[in-house]
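The values are calculated or read from the model by the stated rules, or taken from the named source; none is laboratory data. Note that the coordinates shown come from a computational prediction; the quantities given were computed from them, not determined experimentally. Reconstructed Cβ throughout: ideal geometry from the backbone, glycine too, with neighbour counts over all protein chains shown.
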Amino acid sequence: MLMIIAVLLTVTAAFLLIRLGWRARRSGDYGTILAVLAAALVLGLAALAATGRLHWIAAVAAAILPFGRRLIGLLRYLPVVQRLFGAYRARNGQNGSGQGSPFQRPNVGAMTRDRAIEILGLGSRPTREEIIAAHRRLMQKLHPDRGGSTYLAQQLNDARKVLLDELKPD
């Protein structure tokens, strides 16, 4: 009988916490949301303790405890990580809405003739054959199918395109 009352009280408390959390989320009151989450955690731990299933949580806490001091020391790096993650998202065109792919490379600017010559390792006035040969030689080394990166292969393709387009008669 006592177990049934405990389950009913737990379900009622959980329902009230979910309702309170939903209202707080809609109004943007983050302090209330944190309080609801903390209450839900305490309620969940109490339910686990009442049913006798808390022992594995105690074992995990005991395993983490020796590392607690180091983990707390790592918290001082949290602002640095947030700043780096924010810079990463801004660089990749992601705003708060989550748009943008984390796999996109930043658009550093259009490929210039000088940069293309530097990438392909050519002289100041390369011929069409020299451009194609340099591109082929480097692509054989840096192609993604041979262990290179897609970014480097794209840079090589852009450099070849810029230099070959320059040689075309208008």
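Mind checking whether some residue in the range 128-135 is modelled with pLDDT of 90 or more and exposed (fewer than 11 other Cβ atoms within 10 Å of the Cβ)? Before the answer, list the steps.
Restricting attention to the range 128-135, the residues satisfying the condition of being modelled with pLDDT of 90 or more are 128-135.
Then drop every residue that is not exposed (fewer than 11 other Cβ atoms within 10 Å of the Cβ), which leaves 129.
Looking for residues that are modelled with pLDDT of 90 or more and exposed (fewer than 11 other Cβ atoms within 10 Å of the Cβ), one finds at least one in the range 128-135, hence yes.
If the condition is being surrounded by 11 or more Cβ atoms within 10 Å (Cβ to Cβ) and modelled with pLDDT of 55 or more, then the range 95-120 contributes Met111, Thr112, Arg113, Arg115, Ala116, Ile117, Glu118, Ile119, Leu120.
Is at least one residue of the range 152-160 within 17 Å of Thr112 (Cα to Cα), at pLDDT 90 or above, in contact with a helix residue (DSSP H, G or I) (Cβ under 8 Å, 6 or more places away or on another chain) and of a type in the set (D, E, K, R)? The answer is yes; a qualifying residue exists. In this structure, is Leu75 at pLDDT below 75 and either among the acidic types (Asp, Glu) or surrounded by fewer than 13 Cβ atoms within 10 Å (Cβ to Cβ) (or both)? For Leu75, the condition - at pLDDT below 75 and either among the acidic types (Asp, Glu) or surrounded by fewer than 13 Cβ atoms within 10 Å (Cβ to Cβ) (or both) - is met. Inspect the range 16-25 for any residue being free of Cβ contacts under 8 Å to residues at least 12 places away in the same chain and exposed (fewer than 10 other Cβ atoms within 10 Å of the Cβ) and give the result as yes or no. No: the range 16-25 contains no residue that is free of Cβ contacts under 8 Å to residues at least 12 places away in the same chain and exposed (fewer than 10 other Cβ atoms within 10 Å of the Cβ).
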